[in-house]
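Derivation of every value follows stated rules applied to the coordinates shown; laboratory data play no part. Keep in mind that this is a model prediction, so the values were computed, not measured. Heads up, the Cβs are rebuilt from the backbone with ideal geometry, glycines too, and the neighbour counts pull from every protein chain shown.
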Amino acid sequence: MAETHTPYYSLKKLFSVFSGVTALSGMILIGLSIYVNFRGAVLTKVLGLSSAYLFHVGYLCLVMGSVTVLLGFARRHGAAKESRGTLLFGFLVMVIILTVEIMADTVVLAFFPVVREVALEHNFVTLRKNYRGYKEPDDYSMRWNVVMEKLKCCGVKNYTDFSGSSFERVTGHTYPRSCCKSLGTVDCDGRKVSADIIHQEGCFPKLLKITRTQSAKLSGGCLGAAVMQLPGILATLLLFIKLG
């Protein structure tokens, strides 16, 4: 019974708690990556390379989160078995993950201004060149149709983006059906541009808002996970030294 009051026993108990916290931080990263890649950032795919960093960092968070969860359990096993090799391996991998999380946080913060400054004109030109129309089978048109219907907007800057575009030259319409407030109405004919018929505001401000929100969540998630993992890394090092 006296052993339960020794500093070594207390360190092992504390290490066990920190290992659980580390595993929890990994679950947070996994949840965040799933949200970004399979829900919130789906609409921003129309921004192309300008928003690609969201998906890359999201998948990176998925990998780091999965590894972190596994390490949380592995380190607890290493502590229970008093395996210095397992503890050292866990310590080194967690240091690498911590470094990558900080780098990912920096990338997210650095790339959002690029989206804001570069993506507007690029997407305006791309839309005028590549958009084909409502219910067209190509991925680019389908994504834009989803964006315009879901966000209730039209074009990148506004509904006049389609004037003189390849879409207008092919179809003779001033705007696609996905810009209409009600798709089934007779007035939604591709020519009438009344505010009662179509969404006149552009999609870019709304897409930018989504991108800003996702960037903040990714940045905050990576930073929060790093903070949660730091005590566990220090506890691993102390326990490793204690077993030496």
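Of note:
- About the centre of its Cα atoms, region 156-244 shows a dipole size close to 300 debye [charges on the beta carbon of Lys, Arg (+1) and Asp, Glu (-1) only; nearest 20 debye].
- Calculated [θ] (222 nm, deg cm²/dmol) that DSSP helices of n ≥ 4 give over the chain, each run adding -39,500 (n - 2.57): -24000 deg cm²/dmol
- When the Cα positions of Leu70, Ser51, Pro137 are compared along the charge dipole of the chain, Leu70 comes out farthest toward the positive end, with charges on each C-beta of Lys, Arg, Asp and Glu.
- The chain: Cys lacking any partner C-beta under 4.7 angstrom: Cys61, Cys222
- Cβ-placed point charges (K, R +1; D, E -1), dipole of the chain about Cα centre in debye, nearest 20: 260 debye
- Percent of alpha-carbon pairs separated by more than 33 Å within the chain: 40 percent
- Between Lys150 and Arg169, residue separation times 0.36 nm minus the direct Cα-Cα distance comes to 4.3 nm.
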